[in-house]
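So that we are looking at the same thing, I have put the structure below in C-alpha cells.
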Amino acid sequence: MYLHLFSALSFLSGVSLSLADDLFLTPQSATRLIGQRLELNCSVNKERDCKDAQFFWRHRDIRQKSNEDAEREIQGKGRVSISTESLSSSLVITDLKVTDSGYFICSVMCVTIKMEFIWKSSQVEVRAVPKLDLHYQTASENPSILLLTCSAVGFYPPNITLSWDHSLHEVTHSILPDVPTLLQDGTYNISSILHVKTSLWIPGEEIGCVVNHSSLTRPLRKNITREGDCVFLSLADDLFLTPKSATRLIGQRLELNCSVNKEKNCKRARFFWRHRRIHLNSNEDAETDIRGKGRFSISTESLSSSLVITDLKVTDSGYFNCSVMCGTIKMEFIWKSSQVEVRAVPKLDLHYQTSSENPNILHLICSAVGFYPPNITLSWDHSLHEVTHPILPDVPTLLQDGTYNISSILHVKTSLWISGEEIGCVVNHSSLTRPLRKNITRGGVMFSLTDDLFLTPQSATRLIGQSLELNCNVNKEKNCKRALFFWRHRDIRQNSNEDAERDIRGKGRFSISTESLSSSLVITDLKVTDSGYFNCSVLCITIIKEFIWKSSQLEVRAVPKLNLHYQTSSENPNILLLTCSVVGFYPPNITLSWDHSFHEVTHSILADVPTLLQDGTYNISSILHVKTSLWSPGEEIGCVVNHSSLTRPLRKNITREGELEWL
C-alpha cells in the first residue's frame with residue numbers, strides 16, 4: 001500500500017527528486033546487539049528546490065516468525081526520538097530489541113511548484129547473544145545412562161549451530177530439535193540432550209558444549225565434569241571485556257578494559273593481549289602478541305588489565321583478544337575479543353583538463369584519497385543534458401599506508417559547459433557524518449568542506465565544569481578577503497525539545513576572538529546542555545561570494561554520585577530494604593548492579609529508565625529486598641555503577657553497622 005501511494009503521487013504530480021541522488025539515508029544497513037543504540041540520518045539534497053519538506057518515518061518488520069509484515073508509523077516517544085530540521089531528519093532508537101529488526105523507511109514530501117514524494121529504506125538487524133547452560137542428570141528410565149542437557153537461550157536470529165565436544169567412543173545418541181523455539185520477547189532457545197553411559201564417563205573427564213551464532217565473534221563454549229560442580233569459567237559470564245566493539249578515526253585513542261569475575265576462585269591470574277588483523281589488504285590473518293611499548297601501553301592489577309592504543313592506524317582494525325590464565329586447583333584459560341574498526345576520512349580533489357584526443361571534450365577528474373574502509377560511493381551532480389560517459393574503477397586502489405583511493409572521470413563537451421556553471425562531485429563514506437561535496441566551475445574551484453576550512457577538535461568529550469576551546473581557520477592560500485565568522489550550537493540531547501540551532505554570542509561563559517582568517521571559541525564551566533554540535537561558518541567576500549562551514553561534536557559528561565543506605569520494611573519487619581541511588585549523571589545510559597553472596601534475595605527493583613533532573617542530568621535508584629536473618633553483622637553488600645564518565649566502575653559497600661566508600 002505504501003509503494004502504491006508513492007506510485008500514485010509520482011503519476012499524478014510528477015516526481016523530480018530521484019531516489020538515488022536526492023535523498024540520503026545513512027547508514028544503508030546496520031547490525032546491532034540487543035540493548036544498543038541506533039541512529040539513522042535522512043537528508044534531502046540541499047540544491048533541490050524542496051520547500052516545506054515533511055519527513056515521515058516507518059518500520060517494516062520482516063522477521064521470519066513475524067505474523068505481521070505490514071508497515072507501521074514511527075512516533076517520537078519512549079525509546080524512539082525524532083529530530084527534524086529544514087532538509088534533514090534523524091531517528092534515534094535506544095535499548096534496541098529484536099522486534100526492531102527490519103526496514104526503517106524515511107519518506108519526504110516536498111511542496112514546491114509540484115508535490116514531490118520520495119523515500120529510502122535502511123535494513124537493520126538486531127542480534128541477541130545466546131546464554132549457555134550445561135548440566136546433567138540420571139535418566140529416570142535407565143540409571144546407567146546420564147542425560148547431559150545443553151541449552152542456548154535468548155538468541156536472535158534463529159540460525160544457530162550447537163554441537164558436543166568429547167572423547168567418548170560410545171555415545172547412544174544426541175537429541176536436537178529441528179528448529180529453535182520462539183520466546184515471547186522475539187528471541188529463541190534450543191536444547192540438545194546427549195545420552196552417555198555412566199561407565200564411560202570417568203570422574204574429572206570433561207564434556208564440552210559449543211555454540212556458533214552470528215552475534216558471536218567466535219564460538220561460545222562451556223565444559224562440565226562428572227562432579228557437576230566443576231564448571232570452567234565460561235566465555236559469557238566470567239570474563240568482561242569492554243567495549244565489545246569500537247569505531248575510531250585515524251589518529252584517535254582507544255582503551256580496552258578486561259576483568260575477571262571476582263567471585264571466581266581465580267588466583268595467580270595472568271593476562272595476555274593479542275591482535276588478529278582482518279584488514280582487507282593484510283597478508284597475515286594470524287594473531288600477534290601485544291607488548292606494552294610504542295603506541296601500546298598495558299596496565300594490570302590482580303583481576304583486571306587495560307590496553308591503551310594511541311595514534312590509531314588503519315592496520316589496527318581487527319579483533320583485540322584478552323586472555324586470562326588462572327592457576328587454581330586446575331589450570332583454567334578463558335578469553336574474550338573486542339572488534340575494532342579504524343576509519344580514515346577521504347580527501348576530495350576535483351579538477352578538469354582538455355582531452356588530448358579531442359579538444360572539444362573536457363575531462364573532469366574527481367578523486368577520493370586516503371579513506372578506509374574501502375566501501376565508498378562517488379557520484380556526479382550536474383544539469384548538463386549530454387555527457388559522454390563517466391569512468392569509475394570497479395574497486396578502489398590500495399595505498400601503502402593501508403588506505404584507498406578512487407577516481408571518476410566525467411567527459412563533457414566544451415560547448416555544453418558554460419562559464420560559471422557548477423558541476424559537483426559527491427562522496428558518501430562511513431567515516432563521514434554527512435556526504436562530502438566539492439564544486440567546480442569553468443573558471444576555478446569553490447571552497448570545499450574538507451580542504452579549505454579547518455575546525456579543531458572535530459569531536460570532544462568533557463566533564464561538567466571543565467572548559468573547551470574550538471579553533472576555526474580558513475586555508476590562507478585561498479583568496480578569502482573580508483572573512484566573516486559565525487558560531488552556532490545545535491542541541492541533540494535525547495531530552496531536548498528544541499533541535500534548532502542558535503547563534504553564539506561572546507558573553508557569559510562564551511568568549512570569541514577573531515583574526516583575519518581564524519576565530520576561536522572558548523567555553524568555560526561546561527554544562528550538560530552544551531552537548532551537541534558547534535558549527536563554525538565563514539563568509540568570504542571575493543570575486544564570488546563564498547560561504548563554507550564545519551561542525552565539531554561535543555559530549556559533556558557528568559560523573560554520578562553514589563548513595564547507599566538501608567531501612568526496615570514498613571510492611572514486614574523481617575525484610576530490610578537496601579536503596580542504592582545514583583544522582584547527577586549524563587549521558588543517561590548507565591548500569592547499576594548489586595554484589596552480594598546471599599543465596600536468597602526476594603527481588604530487586606530498578607526503574608526502567610533514569611529520571612531527568614532540571615539541570616539536564618539524570619538519577620536512578622535500585623532497591624534490594626533482603627531477609628534480616630540472612631544478613632549477618634559485618635557482612636558487606638556492594639552497589640556497583642558503570643558509566644561512560646568513569647574510568648572504572650564506581651563501588652560503594654555497606655554493612656549492618658555502617659558503610660565504607662571505595663572509589
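Amide H neighbours of Lys97 under 5 Å, counting only residues 5+ apart in sequence or on other chains, H built in-plane at 1.01 Å?
Answer set, sorted by chain and number: Gly35.
At 7 Å along the Cα-to-beta-carbon direction for both Thr161 and Glu571, put a label point, then send me their distance in nm to one decimal.
Calculated label separation equals 5.0 nm.
Additional query: Exceeding 27 Å between C-alpha atoms, which entries from my cross-link table qualify? They are Lys77/Lys527; Lys51/Lys507; Lys197/Lys222.
Working: Lys77/Lys527 25 Å; Lys51/Lys507 35 Å; Lys197/Lys222 21 Å.
Flagged as over cut-off: Lys51/Lys507.
Right, here's the next one. What's the FRET efficiency of Glu421 with Thr514 using the Cβ-Cβ distance as r and R₀ = 51 Å, to the nearest 0.05? All intermediate terms of the calculation are to be shown ahead of the outcome.
Numbers: r = 34 Å, r/R0 = 0.66.
Efficiency, rounded to the nearest 0.05: 0.90.
Further question: Apply 1/(1 + (r/R0)^6) to the Cβ-Cβ distance of Leu384 and Ser29, taking R0 = 45 Å, and write down the FRET efficiency to the nearest 0.05. All intermediate terms of the calculation are to be shown ahead of the outcome.
On the way: r = 32 Å, r/R0 = 0.72.
Working from the Cβ atoms, E equals 0.90.
Next question. So how do Glu357, Glu255, Glu515 line up by other beta-carbon neighbours within 10 Å, fewest first?
Numbers: Glu357 7, Glu255 14, Glu515 10.
Lowest to highest Cβ neighbour count: Glu357, Glu515, Glu255.
Taking 0.36 nm per intervening residue step and subtracting the Cα-Cα distance, what contour gain separates Ile145 from Thr397 on full extension?
On the way: separation 252, 0.36 × 252 = 90.72 nm, distance 6.15 nm.
Extra length from Ile145 to Thr397 when fully extended: 84.6 nm.
When the chain is fully extended, how far beyond the present Cα-Cα distance does Lys561 get from Asp133, taking 0.36 nm per residue of separation?
On the way: separation 428, 0.36 × 428 = 154.08 nm, distance 3.64 nm.
Contour length minus the Cα-Cα distance gives 150.4 nm.
Please give, to one decimal in nm, the separation of the simple spin-label points placed at Glu85 and Glu357, each 7 Å out from Cα toward the Cβ.
4.4 nm
Could you work out the equivalent-ellipsoid semi-axes for the range 131-224, taking the square root of 5 times each eigenvalue of the Cα gyration tensor, largest first, in whole Å? Each step should come with its number before you reach the end.
Working: eigenvalues 132, 44, 20 Å².
Largest first, the range 131-224 gives 26, 15, 10 Å.
Computed from the coordinates by the stated procedures, all read-outs in this text should not be read as laboratory data. No experiment lies behind these values; they were computed from the predicted model shown. Quick reminder, even Gly has a Cβ in these numbers, built from the backbone with ideal geometry, and neighbours come from all protein chains shown.
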